[in-house]
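Q: Before anything else, here's the structure in question.
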Amino acid sequence: MSLASDRTNPSGLVRALGKWGLTALTINCVVGAGILGLPGKVYALAGASTGWVVAGAAVLALAAALCLAELGSRMEGSGGPVEYCTAAFGPVAGFAAGWLSWAATVLAAASLLNLFATMVAPEAHRLTVVGTGLGLTALACAGMGRSAIASGALTVLKLGLLAGVAIAGLAAPAAPAVAPTAAAQPVSALILMFFAFVGFERPTAVAGEVVDARRAVPFALIAGMAVVTALYAGVIAACWRGVPDLALSQRPVGDLLARLFGNEFARAAEIAAAVIVLGTLVSQWITAPRLMLALSERGQLPAALGRLASGRRTPDVAILTTGVVAVMLAFRGDFVTSIAASSASRLLIFMVCAAALLRLRGQSDAPDACFRLPLGTVVATCVIVVCGALLVAASAELARLGVLIVFGGLLWLMSNGKRWFRRA
């Protein structure tokens, strides 16, 4: 992981993250604890078509990531979707994309806080949620360099644990999964698998703290998604090959380890799950505040949210606000509801970013691209169509974003109301 803390950008942020650190952050953002239970759920829905489902979901996710890769190669400030949509459609669209991205991340963070507390200390759930939130906030405020080191270390642990599962399962004597008895539902399996690949959009928010961001962002997205795809394929193939009751298993990775090494060793799956969840939480605390920072820099959120701490150059107010909201939502939400709403909102983000790519390609004064996606117009159009179709099935979940969307609108009016009414 490359650090270069002596380099800054015009906004005062320190460019402390190199391309390998950003790649590790990308992997950390995508790989969640869901992969430990996903092989059973996907196989129960897809059966013999599981391999095709995994390949299809990977292609869809890669298409969206490639759109972001070209957009990221055109700009080097913080905010990701904020920058892309502002450049393509104007400040209102940029605010909507940025706020939706922040809301999706904070909803997912709240659900994972709940899950992590249930895993490590169910008897002291609320205390664990608060303590974990405080610890993550303190780490994020310590600076991008320290946060990136923690994220990188947890990413290495994730990769080691899951790669170990894949290698052990593929090397052991086979005990193939029995075909599910229920009728195949490959489309449902594809949607479920696709959502396991999302999260790659979040690291683009920290581009303002990345060395040579216009080249590092495309590299990190492409390399990160390649690693994630190989890892997911390996774990799912290992479970398919080594868990006879895969279609009925709620914890297929644990069942695989129990068959290979005994029930006691299967507890390693529980430890792995906690490590994976903690790693994802660290990535969320890094990326979400940078969305607030980007919106504040553009005058679309209160100026305090864009204030940088002297010395560390971190957006402490934005980090603290994100942490407080995530903890509060963790007390009031449930895992399934929050994850569903977060996933549905990401479909909107992918659609507007793909549309931004089409718009910028048609503008003669658009920033040059360091990475130009082959057949980019076709790929972006496919992303819009497919994500739109998936959104129809998930549209009910967008209503659960209502409170956060209204809150964002009020903040926008606080920062932009006078200018808007003056123009009207």
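Q: By how many degrees, 0 to 90 and rounded to 10, does the Cα axis of helix 252-261 deviate from the longest principal axis of the chain?
A: So the helix axis and the longest Cα principal axis differ by about 50 degrees.
Q: Using only alpha carbon pairs under 8 Å that are at least six residues apart, calculate the relative contact order of region 19-416 and give it in whole percent.
A: 34
Q: Compute the acute angle (0 to 90°) between the alpha-carbon long axis of helix 268-297 and the principal axis of greatest extent of the alpha-carbon atoms of the chain; round to the nearest 10°.
A: Tilt of helix 268-297: around 10 degrees.
Q: Which order do the peptides 202-215, 51-64 come out in when sorted by mean C-beta neighbours inside 10 angstrom, highest first?
A: The packing order, highest mean first, is 202-215, 51-64.
Q: Packing-wise, with mean Cβ within 10 Å as the measure, how do 26-38, 108-120, 376-388, 286-298 rank, highest first?
A: With the highest mean Cβ count within 10 Å placed first, the list reads 286-298, 26-38, 108-120, 376-388.
Q: Using a Gaussian network for the chain with springs between C-alpha atoms less than 10 Å apart, which of these wobbles most: Phe350, Phe331, Phe197?
A: Result for the chain, Cα springs under 10 Å: Phe331 fluctuates most.
Q: Compute the Cα gyration tensor for region 47-123, then decide on rounded, prolate or oblate, letting a ≥ b ≥ c be the square roots of its eigenvalues: rounded whenever a/c is under 1.5, prolate when a/b is larger than b/c in the other cases, and oblate in all that remain.
A: oblate
Q: Something else: Using helices alone, I'd like the mean residue ellipticity at 222 nm for the chain: each DSSP H run of four-plus residues gives -39500 (n - 2.57), total over residue count, nearest 500.
A: Rounded to the nearest 500, it is -24500 deg cm²/dmol.
Q: Assuming a ≥ b ≥ c are the square roots of the Cα gyration tensor eigenvalues, decide whether region 164-217 counts as rounded (a/c under 1.5), prolate (otherwise, with a/b larger than b/c) or oblate.
A: Judged from the Cα gyration tensor, region 164-217 comes out oblate (a/c at least 1.5, b/c at or above a/b).
Q: Specify which residue in the list Ile35, Leu68, Val92 is farthest towards the positive end of the charge dipole of the chain, using unit charges on the beta carbon of Lys, Arg (+1) and Asp, Glu (-1), about the Cα centre.
A: Going by the charge dipole, the pick is Val92.
Q: Which value, in debye to the nearest 20, gives the size of the charge dipole of region 92-229 about its Cα centre, when Lys and Arg are +1 and Asp and Glu are -1 at the Cβ?
A: 100
Q: I would also like to ask the following. Which angle from 0 to 90°, rounded to the nearest 10, does the C-alpha axis of helix 19-30 make with the longest principal axis of the chain?
A: 60
None of the figures in this text is laboratory data; all of them are computed from the coordinates on show. Values in this document were obtained by computation on a predicted structure and should not be read as measured data. A quick note on method: Cβ atoms are made from the backbone with ideal geometry, for glycine too, and the neighbour counts reach across all protein chains shown.
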